[in-house]
Amino acid sequence: MNQREKIIEVTTELIIESQGDLSQVTARKIANRAEVGLGLIHYHFESKDQLITECVQRIINKEIRTFVPQDTEYSDNPIEADKQRLAYWAKQVFNFFYANKSISRVSILGDLQNNLTNSNSEDTQRGFLRALTSDIDDEKKKFMIFSLVSIMQAAFLQDNTVKNRLGLDLAKQRDRELFIDSVIEELFHFS
């Protein structure tokens with residue numbers, strides 16, 4: 001393993017050990033555990049924040065791939081089945097955001113700032129598209145999914161605003177589920 005990958009591996013371990021409390025992940029801790037000098041971290045990465053963003057992207061990308069579609073019966077109506085599937089998957093992702101607040105925030109902000117085509121946001125959108133199997137136009141499906149992911153991210157990043165404006169406390173699972181159900185209902189209303 002090269003030094004860059006060793007630094008990423010060690011940083012990822014520290015992020016997981018700190019349960020996403022990124023204030024505990026210092027450059028000195030990274031360097032000590034990776035057995036490299038501090039300068040080598042700055043040589044391979046523009047900043048500690050860039051290193052952490054890359055590690056968080058990898059952690060979340062791995063986590064996204066573990067989300068398993070619900071093994072249940074859906075409505076006989078194809079549109080209703082799409083709503084049920086998409087709601088279930090979106091709730092899994094939204095619950096992950098709140099169970100892993102620090103790393104989710106880093107991932108979302110990293111995706112928004114870097115505008116990469118191979119990001120966690122893009123992976124989530126591609127995954128959600130698989131929930132839509134009915135005869136909705138493909139362009140409408142893409143728009144709906146892009147909108148859903150964007151709304152989820154904005155609500156997560158501004159959950160105090162959601163609480164003040166909508167009366168939903170997204171820290172509570174029940175309110176998160178109500179939020180997702182409402183958003184999906186509105187998106188399908190316009191499809």
Residue within region 110-131 that is over 30 Å from Q24 (Cβ atoms), out of contact with any strand residue (DSSP E or B) (no Cβ under 9 Å at 6 or more places or on another chain), charged (D, E, K, R) and assigned to a helix (DSSP H, G or I) present | yes
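For every residue, the table says whether it meets (1) at pLDDT 85 or above; (2) under 24 Å from the mean Cα position of the chain (by Cα); (3) under 24 Å from D123 (Cα atoms); (4) assigned to a helix (DSSP H, G or I).
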{"residue": "T12", "(1), (2), (3), (4)": "yes, yes, yes, yes"}
{"residue": "R33", "(1), (2), (3), (4)": "yes, no, no, yes"}
{"residue": "Q57", "(1), (2), (3), (4)": "no, yes, yes, yes"}
{"residue": "P69", "(1), (2), (3), (4)": "no, yes, yes, no"}
{"residue": "Y88", "(1), (2), (3), (4)": "yes, yes, yes, yes"}
{"residue": "Q92", "(1), (2), (3), (4)": "yes, yes, yes, yes"}
So T11 fits all but one of (1) free of Cβ contacts under 8 Å to residues at least 24 places away in the same chain; (2) of a type in the set (S, T, Y); (3) not assigned by TED's automatic domain parsing to the domain that holds L109; what number is the exception?
-> (1)
Here are Q173, Q158, Q125, Q113: which of them is of a type in the set (S, T, N, Q) and under 12 Å from the mean Cα position of the chain (by Cα)?
-> Q125
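The values are calculated or read from the model by the stated rules, or taken from the named source; none is laboratory data. Just so it is clear, the model here is predicted, and its values are computed rather than measured. A quick note on method: Cβ atoms are made from the backbone with ideal geometry, for glycine too, and the neighbour counts reach across all protein chains shown.
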